[in-house]
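Participant: The structure follows.
Values in this text are rule-based calculations from the coordinates and carry no lab data. What you see is a predicted model; the values in this text were computed from it and never measured. Methodologically, a virtual Cβ is constructed for each residue, glycine included, from the backbone with ideal geometry; neighbour enumeration extends over all protein chains shown.
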Amino acid sequence: MLRVKSGQLDQLGLLFERHNRSLYGFFFRLTTDTDASEDLVQNVFLRIMKYRHTYHGDGKFTTWMYHMARNLFADYYKKQKRMGYKEDVETTDRYFRDDVNAESTRIQQEEIDLLQKALDRLSLEKKEILVLSKFQEMRYREIADLMGLTESAVKVRIFRALKELREVYEKLETQSSIY
């Protein structure tokens, strides 16, 4: 990143190769929209290029990058109406394939969908901290730096978010087994 800051913009491609998948995962887990996630990743790298002069190199690059990603997502979130669970033809086809393990694959996918539904019902703050810690595999220290919190505050928030996620998941599971 220091090379990009010094004007070697061709090095931005290397940063993109290294970090675009994890950023895409971060955005996809927050939006569940492939197109929006791809656009958000592109916009993060546009912002990195535009604001490269603000990078000082005193902390981890990924912390700085996710700070931009969070700000970009906040802007996106304000502009979009929150949509409920949506199922497309591709998802339905995946459930009813004639594979040998189609039933177990369908059950596993239903559990993943239920988990995503539960995650979507959490507040944005709880959802974000879980995505960063569990899906993006960021350390508590990195999350603390990113969010301006202490490491112990991050641990408490993750614990509470996981507890609420479990409760919401169990409610949804009970509701879906009734139908």
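Participant: Name the residue that is surrounded by the fewest Cβ atoms within 10 Å (Cβ to Cβ), counting only residues in the stretch 125-138 that are touching a residue at least 60 places away in the same chain (Cβ under 8 Å) and part of a helix (DSSP H, G or I). Outline the logic, then answer.
Facilitator: Looking only at the stretch 125-138, we keep the residues that are touching a residue at least 60 places away in the same chain (Cβ under 8 Å), and these are 127-128, 131-132, 135-136, 138.
Imposing the further condition that a residue be part of a helix (DSSP H, G or I) reduces the set to 127-128, 131-132, 135.
Working: Lys127: 18, Glu128: 23, Val131: 19, Leu132: 24, Phe135: 15.
Looking at residues that are touching a residue at least 60 places away in the same chain (Cβ under 8 Å) and part of a helix (DSSP H, G or I), I get Phe135.
Participant: Just the residues that are charged (D, E, K, R) and either outside any loop (DSSP other than H, G, I, E, B) or more than 17 Å from the chain's Cα centre (by Cα) (or both), please, taken from the stretch 139-163.
Facilitator: Result: Arg141, Glu142, Asp145, Glu151, Lys155, Arg157, Arg160, Lys163.
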